[in-house]
């Protein structure tokens, strides 16, 4: 069975709604990336060095990342040689397979799940202003509340004007309580209050917002370390997740932010927002492969349920949906 057919078989075990969200959300990237790959395949009669050079440019243009592209091209060359592939069209399935392999790496189990505890789970959100951090917290609050969990929000971004009010709007919309203090308060004090409130109310999930200024990395690190110390003192082992929120439309700038926050705190996962708004969705692979941090959620639209748990197979299907569906029909 071909890789495309195996891929289709695997994703059909999930709900059609999830598949459609990935397919629709990656339309811009698919039109850009797959369109160029299709054009490349149509222009070449054999797989040679020139073919790989052009493919390299297409991958770099999709923000897959230089190091990841070099690794992918080397693996493709070996696979083409091993299978004695002459037809450029046959390379497309190999590309898809290698993209899944690169994302999953050596992991045998899924790496995109959230570390939910039996008691209270504390999730800390970090990221610069404007990436969709508050919206992400609101959408995740909706997701967990829909699953029957008791959710609380902590308004730890006391620095940015309007940040507390913005989180309160989401709290009202979703129907969850927001623990807050006045603007300019010590974020660690807010976290202490939030943890006490979560304990006393027997909450299942506590979602914690933090300030997103990067102008002074030393201050950022100290503030995040203090916040984490307060949480851990009250709940040993917490926070159970530190999710870095990045805007997919900023491309390589998102990589720079990821490296800075990785130095500042122990980031356990990435939330990549606005993936539907970029034609360069290859940034998912660059983050996973070069920073070794799993992408746990992706934003595929504006609706409340358009924040989806990341899935490598669904992602690759979203990139090559037209080709996969065509082969399956044949």
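FYI, it's all coordinate maths here, none of it is from the lab. The model shown is predicted, which means the values in this text are computed figures rather than measured ones. Cβ placement follows ideal geometry from the backbone for every residue including glycine, while neighbour counts extend to all protein chains displayed.
Determine, for 195, 298, the number of other Cβ atoms within 10 Å of each Cβ, and report the residues in order from fewest to most.
195, 298
For residue 31 and residue 201 in one chain, what is 0.36 nm times their gap in residues minus the Cα-Cα distance, to one decimal in nm?
56.4 nm
Taking every DSSP beta bridge that has both residues in segment 176-330, what percent is antiparallel when rounded to the nearest 5?
The antiparallel proportion sits near 25 percent.
Which semi-axes, in whole Å and largest first, does the equivalent ellipsoid of the chain have when worked out from the alpha carbon gyration tensor as the square roots of 5 times its eigenvalues?
Computed over the chain, the values are 40, 20, 16 Å.
If you average the C-alpha positions of segment 168-219 and of segment 24-72 separately, how far apart do those two centres end up, in angstrom?
For segment 168-219 versus segment 24-72, the Cα centre distance is 43 Å.
Could you check the simple spin-label distance between residue 113 and residue 18, using points 7 Å along Cα→Cβ, in nm with one decimal?
If labels sit at residue 113 and residue 18, their model points lie 1.2 nm apart.
Rounded if a/c is under 1.5, else prolate if a/b is larger than b/c, else oblate: which is segment 248-321, with a ≥ b ≥ c the root eigenvalues of its Cα gyration tensor?
Judged from the Cα gyration tensor, segment 248-321 comes out prolate (a/c at least 1.5, a/b above b/c).
Out of the DSSP beta bridges found with both residues in the chain, what percent are antiparallel (nearest 5)?
Counting DSSP beta bridges with both partners in the chain, the antiparallel share is about 10 percent.
Per the helix-only calculation at 222 nm, which mean residue ellipticity applies to the chain, given -39500 (n - 2.57) for every DSSP H run of n ≥ 4 and division by its residues, nearest 500 deg cm²/dmol?
It comes out at -17500 deg cm²/dmol, rounded to the nearest 500.
Could you list 193, 118 so that the one with the fewest beta carbons within 10 Å of its beta carbon is first and the one with the most is last?
Sorted ascending by nearby Cβ count, the order is 118, 193.
What FRET efficiency comes out for residue 232 versus residue 160 if R0 is 35 angstrom and r is the Cβ-Cβ distance? Round to the nearest 0.05.
Once rounded, the FRET efficiency stands at 0.90.
In what order do 78, 255 fall by count of nearby beta-carbon atoms within 10 Å, going from fewest to most?
78, 255
Using r as the Cβ-Cβ distance of residue 87 and residue 304, and R0 as 41 Å, what FRET efficiency do you calculate, to the nearest 0.05?
Efficiency for this residue pair is about 0.35.
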